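These notes concern the structure reproduced below.
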Amino acid sequence: MLSIQGLEVRYGAIQALRRIDLELAAGEIVAVIGSNGAGKTTLLQSILGLVRPDKGVITFDGKPITQLSASRTANLGISLVPEGREVFGTLTVLENLRLGLKNKIGSTSKEQFERELASIYERFPRLYERRDQQAMTLSGGEQQMLVLSRAMISKPKLLLLDEPSLGLAPIIVSDIFASIQELAKGGTAVLLVEQMAHKALSIASRGYVIDNGRVAFQGKSSDLLQDQRMIKAYLGVH
Ligand code: ATP
């Protein structure tokens with residue numbers, strides 16, 4: 001579904017990505033791991049079209065998207081949940097969820113939306129309790145539930161997630177990760193950037209480790225979880 005070949009991104013003198021190759025299939029969860037400044041966010045932004053690559057080709061569903069703007073890639077079914085949870089603060093929880101429909105490919109009936117809403121409220125009862133509350137009054141964890149639920153409603157073909165666990169309590173992280181798995185079961189491809197390498201690899205089929213803009217190593221999650229270099233550098237604490 002997503003194929004990246006020889007991707008290079010430069011910010012002036014800083015080379016943020018160097019010859020990145022990456023593949024992602026429909027329904028697959030792939031983890032992207034790396035320390036601060038490794039280039040993970042830049043990778044997600046170049047796929048969406050927020051950052052213009054200097055070299056390389058990105059194809060989505062067999063079509064080149066390397067030079068497309070973010071609004072064009074969004075129309076193709078690519079959705080980014082950025083680090084920092086962007087909710088519409090003055091809108092209520094329910095209004096935020098409705099916005100997910102705006103990005104949806106094709107149309108949704110009212111009944112369909114109600115069904116999806118019911119399943120989201122079942123997974124995250126907190127959102128139900130707070131459905132008429134302004135989103136800015138939610139806690140960090142609740143806001144992350146909300147942005148992820150909004151993405152679920154928009155049913156993207158490809159979901160790019162930037163550090164969804166950041167600053168959240170472990171129990172909430174488990175809920176969030178379970179929802180990501182559910183989304184992938186429905187056919188969405190997920191590229192999951194995470195600092196919590198152990199947790200990310202536990203739901204991903206494969207992982208890429210980015211170091212200083214390069215793919216340092218990659219492989220099946222089960223292999224990476226046992227790789228000595230991984231354990232030393234990224235999996236020691238979890
Ligand atoms: P973090 O985990 O800290 O968010 P990251 O792996 O997502 O890091 P990026 O944000 O992609 O890393 O940054 C990669 C490199 O590019 C870093 O050295 C960063 O300072 C630099 N960089 C990122 N955005 C810009 C920008 N707009 N202008 C200049 N340099 C940038």
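The values are calculated or read from the model by the stated rules, or taken from the named source; none is laboratory data. Quick caveat: nothing in here was measured; it's all calculated off a predicted structure. Every residue, glycine among them, receives a Cβ derived from its backbone with ideal geometry; neighbour counts consider all protein chains shown.
Summary of values
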{"item": "Residue tally, condition free of Cβ contacts under 8 Å to residues at least 40 places away in the same chain and under 11 Å from Leu2 (Cα atoms), over the range 13-51", "result": "1"}
{"item": "Lone unmet requirement of (1) under 19 Å from Glu194 (Cα atoms); (2) surrounded by 13 or more Cβ atoms within 10 Å (Cβ to Cβ); (3) modelled with pLDDT under 95 for Ala74", "result": "(1)"}
{"item": "Residue count for the range 41-67, restricted to those that are charged (D, E, K, R), closer than 17 Å to Ala189 by Cα and outside any loop (DSSP other than H, G, I, E, B)", "result": "1"}
{"item": "Lone qualifier among Gly34, Gly89, Gly56, Gly49 - being under 15 Å from Leu158 (Cα atoms) and either among the polar types (S, T, N, Q) or touching a helix residue (DSSP H, G or I) at 6+ places or on another chain (Cβ under 9 Å) (or both)", "result": "Gly49"}
{"item": "Any hit, the range 136-145, residues being of a type in the set (D, E, K, R), under 27 Å from Ala70 (Cα atoms) and not in a strand (DSSP E or B)", "result": "yes"}
{"item": "Among (1) closer than 29 Å to Leu146 by Cβ; (2) surrounded by 15 or more Cβ atoms within 10 Å (Cβ to Cβ) - the single one Ser174 does not satisfy", "result": "(2)"}
{"item": "Qualifying residue in the range 207-226 (condition: at pLDDT below 90 and assigned to a loop (DSSP other than H, G, I, E, B))", "result": "no"}
{"item": "Options Arg131, Arg214, Arg126; residue that is within 16 Å of the ligand (Cβ to nearest atom) and of a type in the set (Lys, Arg)", "result": "Arg214"}
{"item": "Tabulated pairs, the range 151-179, first on the phi > 0 side of the Ramachandran plot, second at pLDDT below 90 and assigned to a helix (DSSP H, G or I), C-beta under 8 angstrom, 6+ apart or interchain", "result": "Gly167/Gly140"}
{"item": "Leu225 being closer than 30 Å to Asp61 by Cβ and out of contact with any Cys (no Cβ under 7 Å at 6 or more places or on another chain)", "result": "no"}
{"item": "The one condition in (1) surrounded by fewer than 21 Cβ atoms within 10 Å (Cβ to Cβ); (2) within 16 Å of the ligand (Cβ to nearest atom) that Glu194 fails to fulfil", "result": "(1)"}
{"item": "Residues within the range 1-52 that are within 14 Å of the chain's Cα centre (by Cα) and within 15 Å of the ligand (Cβ to nearest atom), tallied", "result": "12"}
{"item": "Qualifying residue in the range 106-121 (condition: modelled with pLDDT of 90 or more, in a helix (DSSP H, G or I) and touching a Gly at 6+ places or on another chain (Cβ under 7 Å))", "result": "no"}
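Here is a yes/no grid of residues against (1) touching a residue at least 12 places away in the same chain (Cβ under 8 Å); (2) under 17 Å from the mean Cα position of the chain (by Cα); (3) under 18 Å from Ser179 (Cβ atoms):
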position: Ala74; (1), (2), (3): yes, yes, no
position: Arg85; (1), (2), (3): yes, yes, yes
position: Gly89; (1), (2), (3): yes, no, no
position: Glu111; (1), (2), (3): no, no, no
position: Gln133; (1), (2), (3): yes, no, no
